[in-house]
Amino acid sequence: MALPDPILEVLAAFRPLFTAPTWRKLMILLTGTLLAHGRRTVAAALRHTGNELETNFSTFHQVLNRARWSPLAVSRQLLQRIVDTFVQAGGTLELVIDETLERRWGSQINKRGHYRDSMLSSRKRSVSSPGLRWIVMAAVVTLPWTKQPCALPFLCVLTTTPEVSTTLGKRHKTVGMWAHQMMSLVRR
């Protein structure tokens, strides 16, 4: 099943950022993700596009972790599309940064840490959950069909605890340091 022309027109700006084989796989994954119900995994996307019996299904997983494409270039292009579409000439661009916890567990997830879980915590009780902490930068825009502002994410960074950073042999960066670095990238 092919994507409709209006969606393909929007995605055309991203086409030069990927190699031809990666782009084909990405279009299959995107179509399957749009069709999937429930969890949107690579396996679910392949199942909903009829590619679950592909003998080389692992190459679809490699689009996300091994293929040659730059997440920063895609993020830059996405921000440009958001600005061109929703920010009027001479208008201001409001950016917000937030963090979110992706609850994950398992021995294969080496960047997992224990973080305060804002969904399960209250003012009186702080709950810690294992998972991955992402810092997300979004552009705040008002969509034409609503008066309520929406945050459209365009850049995210995975953070780690000091212990995980030491284990991986990397210098630890705080949330503030990551936020500063993300703002520097956007300014450029």
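Express in nm, to one decimal, how much length is gained between residue 136 and residue 72 on full extension, taking 0.36 nm for each residue of separation and deducting their alpha carbon distance. Intermediate results must be reported in sequence, preceding the final value.
Values: separation 64, 0.36 × 64 = 23.04 nm, distance 1.32 nm.
Full-extension gain reported as 21.7 nm.
Given an 8 Å cut-off on Cα distances and at least 6 residues of separation, report the relative contact order of segment 135-188 as a percent.
Numbers: 49 pairs, mean separation 16.0, N = 54.
Worked out over segment 135-188, it gives 30 percent.
For segment 54-97, which trypsin sites (Lys or Arg not before Pro) are both in a DSSP coil and crowded by at most 13 other Cβ atoms within 10 Å? Please list the in-between numbers first.
Numbers: sites: 66, 68, 76, 81; in loops: 66, 68.
When the trypsin sites (Lys or Arg not before Pro) of segment 54-97 are filtered for loop state and at most 13 Cβ neighbours within 10 Å, 66, 68 remain.
Of the accessible area of segment 1-62, with the probe set at 1.4 angstrom, what percent is carbon plus sulfur? The partial results should precede the final answer.
Working: 2500 of 4010 Å².
That share works out to 62 percent.
Just to check I understand the Karplus step: with θ = phi - 60° and J = 6.51 cos²θ - 1.76 cosθ + 1.60, what whole-Hz values come out for segment 43-55, glycine and proline as x?
Coupling constants for segment 43-55: 4, 5, 4, 5, 5, 6, 9, x, 9, 5, 9, 4, 6 Hz.
At residue 122 and residue 3, where each label point lies 7 Å from the Cα along Cα→Cβ, what is the point-to-point distance in nanometres?
4.4
So how long is each side of segment 125-186 along the principal axes, counting just the alpha-carbon atoms, biggest first, in Å?
48, 35, 15
When all alpha-carbon pairs of the chain are counted, what percent fall beyond 32 Å?
Values: 4493 of 17578 pairs.
Counting every Cα pair in the chain, those more than 32 Å apart make up 26 percent.
Could you do me a favour and compute the accessible area per residue for the chain, 1.4 Å probe, result in Å²? Provide the component values of the computation, followed by the final result.
On the way: 13090 Å² over 188 residues.
Per residue, the chain has 70 Å² of solvent-accessible surface.
So, counting K/R as plus one and D/E as minus one, what does the shell of residues with Cβ under 12 Å around residue 18 add up to? Before the final figure, lay out each step's value.
Values: positive: 15, 24, 25, 68; negative: none.
In short, +4.
Can you give the helix-only mean residue ellipticity at 222 nm for the chain, where every DSSP H stretch with n ≥ 4 adds -39500 (n - 2.57) and the sum goes over all residues, rounded to the nearest 500 deg cm²/dmol?
Numbers: 7 runs with 74 residues, N = 188.
Helices in the chain give a 222 nm mean residue ellipticity of -12000 deg cm²/dmol.
Using Cα pairs under 8 angstrom and six or more residues apart, how large is the relative contact order of the chain, in percent? Can you show the working numbers first?
On the way: 218 pairs, mean separation 28.1, N = 188.
That works out to 15 percent.
The values are calculated or read from the model by the stated rules, or taken from the named source; none is laboratory data. Predicted model, so just to flag it, every value in this text is computed and none were measured. Every residue, glycine among them, receives a Cβ derived from its backbone with ideal geometry; neighbour counts consider all protein chains shown. SASA here: full protein model, heavy atoms, side chains in, ligands and nucleic acids out. Shrake-Rupley method; radii C 1.70, N 1.55, O 1.52, S 1.80 Å.
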